[in-house]
1. Could you sort the peptides 91-98, 169-176 by per-residue average Cβ neighbour count (10 Å cutoff), highest mean leading?
2. In whole Å, what three semi-axes, largest first, describe the equivalent ellipsoid of the range 97-193 built from its Cα gyration tensor (square root of 5 times each eigenvalue)?
3. Can you tell me the order of 100-106, 81-87 when each peptide is scored by its average per-residue count of other Cβ atoms within 10 angstrom, highest first?
4. Normalised by the residues of the range 130-244, what does the relative contact order come to in percent, with Cα pairs under 8 Å and at least six apart?
5. For the pair ARG88 and LYS48, what calculated FRET efficiency results from E = 1/(1 + (r/R0)^6), where r is the Cβ-Cβ distance and R0 = 25 Å, to the nearest 0.05?
6. How large is the charge dipole for the range 81-151, taken about the Cα centre, if only the Cβ atoms of Lys, Arg (+1) and Asp, Glu (-1) carry charge, to the nearest 20 debye?
7. With charges only on Cβ, +1 for K and R and -1 for D and E, what is the dipole size of the range 184-231 about its Cα centre, in debye, rounded to 20?
8. If we sort 45-58, 205-218 on the protection proxy, mean other Cβ atoms within 10 Å, highest first, what's the order?
Amino acid sequence: MSKIRLLTGIRLIATIVVLLIVPVPTTVFAQIKIDPGQRIVLVVDEYKAIRNFPLIVAERLGYLRSEKFDVTNVRDDIFHAELLADGRADAVMAYYHHNVVNNSEGRPSKAIVALGTTPGMKVLVSTQAKDRIKSLSDLKGARVLSGGDGSSKTTIANALAMKGGLELNDYVRLPTYGKEKNAQLLKEGKADVLIAPVPEGDYYESIGVASVWLDLTSLEQTQKALGNAFPSSTVFMATDRIKAKPEIAQHLAL
């Protein structure tokens, strides 16, 4: 069974959003002091992606330059869930949807910091399909370029379909092939909808093959489309790690 198919409705996604983004109460940790010699490993997924820009700023300002903090990129051959599970990493900075997937697969994690309230994506409709696709229910039968089964873009596509009263198999999910190939499919009428992070979405508009249908960089449109805010990047930890090392969660949250 697909890990995303474990989500049975948009209400479940809304519930997960509320439950997984938990504040780290400073009152609980008021007397906790982090060991000056402790090494905190924060794994960063796509280090230079625009959604992670706050981390770049923090690093440039010197906030991360200490023996306490080691910021590193995800290695291509090791998924960050494994790094959290075996203790090689204390926390991960990545798209929020990983928390949804982690919990659906029995690896409980919680976001301790949210770096945005929207997915930071745009949903574009092809020029050929824009008169046909005007509401979420119109996604029935649509061919949607959203990438892999468990990707952030597919998570959004699934959420939109469910919000429109559809089943997940009511639309056709297509892998993404890179900007040029995606644009060709949209132009030739072989794909109807594309979900793209900013600023990639601007490329398809600029060459006239698609136009913005839903701007999920806007909190208002995100709430209207999905029913709730939906973060982009978050810093998250394994739930057991938060309980065992609350000082780490506090240090990262502050």
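Bear in mind these aren't lab numbers, they're just calculated from the coordinates by the rules spelled out. Here the structure is a predicted model, which means the values were calculated and not measured. Heads up, the Cβs are rebuilt from the backbone with ideal geometry, glycines too, and the neighbour counts pull from every protein chain shown.
1. Working: 91-98: 25.5, 169-176: 17.0.
With the highest mean Cβ count within 10 Å placed first, the list reads 91-98, 169-176.
2. Values: eigenvalues 137, 46, 32 Å².
Those come to 26, 15, 13 Å.
3. Values: 100-106: 17.3, 81-87: 15.4.
Output ranking for 100-106, 81-87: 100-106, 81-87.
4. Rounded, it is 24 percent for the range 130-244.
5. Numbers: r = 22 Å, r/R0 = 0.89.
My answer for the efficiency is 0.65.
6. Working: 9 positive and 7 negative charges, 91 e Å.
Magnitude of the dipole: close to 440 debye.
7. Details: 3 positive and 7 negative charges, 26 e Å.
Magnitude of the dipole: close to 120 debye.
8. On the way: 45-58: 15.5, 205-218: 17.4.
Put in order of decreasing packing, that is 205-218, 45-58.
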